[in-house]
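A short reminder: the numbers here are calculations on the coordinates, not readings from a lab. Worth saying up front: this structure is predicted, and the values here are computed from it rather than measured. Methodologically, a virtual Cβ is constructed for each residue, glycine included, from the backbone with ideal geometry; neighbour enumeration extends over all protein chains shown.
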Amino acid sequence: MRRLLLLSAFLFFSAAGLAQQLLDSIQLQSSIIDQIVITGNKRTREYIIRRELTFHEGDTLEKYILESAIERSRQNLMNIALFNFVDIKYFQGLNRHVVVHINLTERWYLWPSPVFEIADRNFTEWFQKKDFSRSNYGMYLRQDNFSGRDDILQAQALFGYSRRLGLYYTIPYINKKLTWGISTGFYVTRQKEIAYNTIDNKLLFYKNPDDFVRKEMQAYVRFTKRKGLYNYYNTTIDYRSSEIADTVALLNHHYFSDGGTRQQHIGISWLYRFDKRDYQPYALKGLLYELEISKTGIGVLRHEPDIWALAMGFRYYQPLGGRWYAATALKGRIMQREQGPYFNRRALGYGLEYIRGYDLYVLNGQDYALIRTNLKFNLLRQHVYQFGFLSSEKFRRFPVTVHIDGFFDAGYVSDQLFGEQNKLSNTWQYSSGLSLDIITYYDVVMRFEYAFTKTGDQGLYFRMGTVF
């Protein structure tokens, strides 16, 4: 018994000694962040930069946690779109103290430039017509980081197919805790051509070269809240007034809800977004979740619609090892099924809501679901070209990354009002194909897609911007 007690005591103290040695070893590997030094921010306020960091001065972190926090902070800083390059390094000092150095290359923030843009929904639709009158031209003035607080002041004056005058301002933080922000805008639009109906899932247009057939004015104010680093809340209140020519109302009696020539509304929407992607313009890792509830028309104005809608979206990005990546996106909307205007029934085929390969079609309706899957291969890792003849650091380094992307899309639109004259509605549509994606300067993404669709169409399509 005595030997057993001695053996037990020996094992206990040996284990305790090993545990203490392990603890001492971990402590020796941990670091105390003594100082954070930020350079290169000639315009950006330092508190805007520190807002994106996942570590702070005085933190004690193990080495692998510190390195992970540095990488996540670099991604966060890139995602606010104020910098071309973000380099973060730490330097070991005495007694486990480290200094973290953040070196930034700010972007060019003022963009006063002439504008030439196509007026159709996408490049493929415009290229099929090859009609340069279906384009907008004018002046576009955007001052990013207007006061160094990540705020944006924007003005536009467009002419041509659409005539638009607009003024917008956004500031992400207006309180000391850096959580609340505000955005506001106002614009007026005039058009001499309008899409008045959809037959066989293609838009029908009416044009009057001598007069405007659509006039619109909109103003909005948006209150934003950012909780932590990845949770965003938006509440938007907007007023919108639209007027069409008498001929448009005769061509489509359901263009507005009462068969008239004018619609106005006060709208309210609430949006929650959780966004933890590594690089928002072209994500390879992370996830995004969105939930939006909107009410168009609150019953206080004449000619108001009465529409409720609920929209949800989920995107997930996963590295598979080596140069392979996978991504999945799900998005859907539910809208009340009462009689409603054609004007408010857009679904798939606009903006980012489309099935790849269906560029020449639109699927309007009340409810919709969209599924996208991607398998990517990194054909060219990011390579930074140096243009020594340029004096400005904002343009001297030119990054290029290339991916090849295999995809499969599926979409469904429920149209209880106009489905009989649009055969692609109320049935699942799908496509598959390959895409060559080029990511470069100032978050520019160029995509060359070859797609096969359920309708039997196939072809090469070009788009700017990320697919999801």
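Semi-axes of the equivalent ellipsoid for region 166-215, computed as √(5λ) from the eigenvalues of its C-alpha gyration tensor and ordered from largest down, come to 40, 16, 5 Å. Angle of helix 63-79 to the longest C-alpha principal axis of the chain, folded into 0 to 90 degrees and rounded to 10: 20°. Given +1 at the Cβ of Lys and Arg, -1 at the Cβ of Asp and Glu and no other charges, the dipole of the chain around its Cα centre is 880 debye to the nearest 20.
Dividing the mean sequence gap of close Cα pairs (under 8 Å, 6+ apart) by how many residues region 229-377 holds gives a relative contact order of 19 percent. Put simply, the Cα atoms of region 311-357 extend 52, 21, 12 Å along their principal axes, the longest span coming first. Using the Cα coordinates of region 275-346, the gyration tensor eigenvalues translate into equivalent-ellipsoid semi-axes of 38, 11, 9 Å, sorted from longest to shortest. Longest span of the chain, sites excluded, free of trypsin sites (Lys or Arg not before Pro) in DSSP loop with at most 15 other C-beta atoms within 10 Å? After excluding every exposed loop site, the longest remaining stretch is 178-284. Distance cut-off 18 Å, Cα to Cα: go down the list Lys176/Lys227; Lys285/Lys376; Lys89/Lys176; Lys202/Lys454; Lys225/Lys276 and report the pairs above it. The answer is Lys89/Lys176. Here the spin labels are modelled as points 7 Å beyond Cα on the Cα-Cβ line, and at Tyr350 and Lys89 they lie 5.0 nm apart. Considering only Gly313, Gly332, His383, and ranking their Cα positions along the charge dipole of the chain that arises from unit charges at the beta-carbon of Lys, Arg, Asp and Glu, the one farthest toward the positive end is His383. Here the spin labels are modelled as points 7 Å beyond Cα on the Cα-Cβ line, and at Asp246 and Lys423 they lie 3.8 nm apart. With one equal scatterer per alpha carbon and no solvent term, the Debye-computed log10 I(q)/I(0) for region 252-389 at 0.11, 0.12, 0.20, 0.22 1/Å reads -0.58, -0.66, -1.23, -1.36. Given their separation in residues at 0.36 nm each and the Cα-Cα distance between them, Lys295 and Trp111 gain 62.7 nm when the chain is fully extended. Across region 27-114, C-alpha contacts under 8 Å between residues 6 or more apart give a mean separation that, scaled by the residue count, equals a relative contact order of 38 percent. More than 14 Å apart: what percent of Cα pairs in region 190-239 qualify? Summing the P(r) tail past 14 Å for region 190-239 gives 69 percent.
Segment Arg396..Leu460, full-extension length gain: 19.7 nm, with 0.36 nm per residue of separation and the alpha-carbon distance subtracted. Paramagnetic label reach from Ala219 (point 7 Å along Cα→Cβ; backbone nitrogen cut-off under 19 Å): within region 240-276, residues 240-243, 263-269.
Each Cα pair under 8 Å and six or more residues apart adds its separation to the average, and for the chain the resulting relative contact order is 9 percent. Relative to the dominant Cα principal axis of the chain, helix 2-29 is inclined by about 50°.
Calculated mean residue ellipticity, 222 nm, the chain: -4500 deg cm²/dmol, from DSSP H runs (n ≥ 4) at -39500 (n - 2.57) each, averaged per residue and rounded to 500.
Counting only Cα atoms, the size of region 216-278 along its three principal axes is 52, 22, 16 Å, in decreasing order.
In region 154-202, a dipole from Cβ-located charges (positive for Lys and Arg, negative for Asp and Glu) runs towards its positive end, and of Asn197, Gly160, Ile171 it is Ile171 whose Cα lies farthest in that direction. Each of Gln280 and Asn103 was given a label point 7 Å from its Cα along the Cα-to-Cβ line. The distance between the two points is 2.7 nm.
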